[in-house]
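The values are calculated or read from the model by the stated rules, or taken from the named source; none is laboratory data. Being a predicted model, the structure only gives us computed values, none of them experimental. Here the Cβ is made from the backbone with ideal geometry for all residues, glycine too, and neighbour counts use every protein chain on show.
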Amino acid sequence: MTKARPKKPEPAATWEEIGALVPWDANPRINDHAVQEVADSIKRFGFSSPIIARREDGVVIAGHTRLKAAQSLGLDKVPVRYLDLDPADAKLLALADNKVGEVASWDDIALASVISELRDGGVDVSASGFGELEIDALLGEWSGLGPVGDDLDEIHDEGVARISITVSNTDAVAAHRTIEAAMAEAGIEYKLTSA
């Protein structure tokens, strides 16, 4: 009896003409503000993940920002992984692909250690996706984050520090959950109010 040869695995992605892809017209993710950062990342590192699309019609499931970034760079081809999904499952995967990333959180100590190590090695960490103020706060470099010197007394009104954060209405729930989880993890008592 001869053994059946294992089926050759399909490639994770193939390079496809960018015009073969169709953006999902009902995509609820707002991503225009992220296109430049993703384009910068593609220029520096290449594509770390392919664009996911339905095999049947080329509609993008995941990777709309990567697609816009590739278009802004004038690329002719992009890596694509085609999936055989019906329209309902494609929509569910599109939602899950974006939402499940919000579930994870950062270990700030480990993150600060990695960023510090990179900076100490002369690496420009702006390609990490973290903004300058985020990095400064993470590393405890507070110079650009608010008043310094004598003005600090004004912040500590009756022993209470007030921190103001402005987010879009669409990000308010996620921001509240993030703040709530971080404060609970740190054991910090707080009162969250909205404007």
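For the stretch 62-70, indicate whether the set of residues that are closer than 28 Å to Ser126 by Cα, out of contact with any strand residue (DSSP E or B) (no Cβ under 9 Å at 6 or more places or on another chain), at pLDDT below 95 and surrounded by 10 or more Cβ atoms within 10 Å (Cβ to Cβ) is non-empty.
Initially, the stretch 62-70 is screened for residues closer than 28 Å to Ser126 by Cα, giving 62-70.
Pick out the ones that are also out of contact with any strand residue (DSSP E or B) (no Cβ under 9 Å at 6 or more places or on another chain) and you get 65, 68-69.
Pick out the ones that are also at pLDDT below 95 and you get none.
No: the stretch 62-70 contains no residue that is closer than 28 Å to Ser126 by Cα, out of contact with any strand residue (DSSP E or B) (no Cβ under 9 Å at 6 or more places or on another chain), at pLDDT below 95 and surrounded by 10 or more Cβ atoms within 10 Å (Cβ to Cβ).
Using the structure shown, decide if Arg55 is of a type in the set (Lys, Arg) and either farther than 25 Å from Thr170 by Cα or touching a Gly at 6+ places or on another chain (Cβ under 6 Å) (or both). Walk me through how you get there before you give the answer.
Values: of a type in the set (Lys, Arg): yes; either farther than 25 Å from Thr170 by Cα or touching a Gly at 6+ places or on another chain (Cβ under 6 Å) (or both): yes.
For Arg55, the condition - of a type in the set (Lys, Arg) and either farther than 25 Å from Thr170 by Cα or touching a Gly at 6+ places or on another chain (Cβ under 6 Å) (or both) - is met.
Only one of the numbered conditions (1) in contact with a helix residue (DSSP H, G or I) (Cβ under 6 Å, 6 or more places away or on another chain); (2) buried (at least 16 other Cβ atoms within 10 Å of the Cβ) is not met by Lys91, and that is (1).
Each row is one residue, and each column tells you yes or no for (1) surrounded by 13 or more Cβ atoms within 10 Å (Cβ to Cβ); (2) under 20 Å from Ser128 (Cβ atoms).
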position	(1), (2)
Glu16	yes, no
Asp25	no, no
His33	no, yes
Lys43	no, yes
Pro50	yes, no
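Does the stretch 80-94 contain at least one residue that is farther than 22 Å from Ala174 by Cβ and touching an Asp or Glu at 6+ places or on another chain (Cβ under 8 Å)?
Step one: filter the stretch 80-94 for residues farther than 22 Å from Ala174 by Cβ, giving 80-90.
Now narrow it down to the ones that are touching an Asp or Glu at 6+ places or on another chain (Cβ under 8 Å): 80, 84.
Yes.
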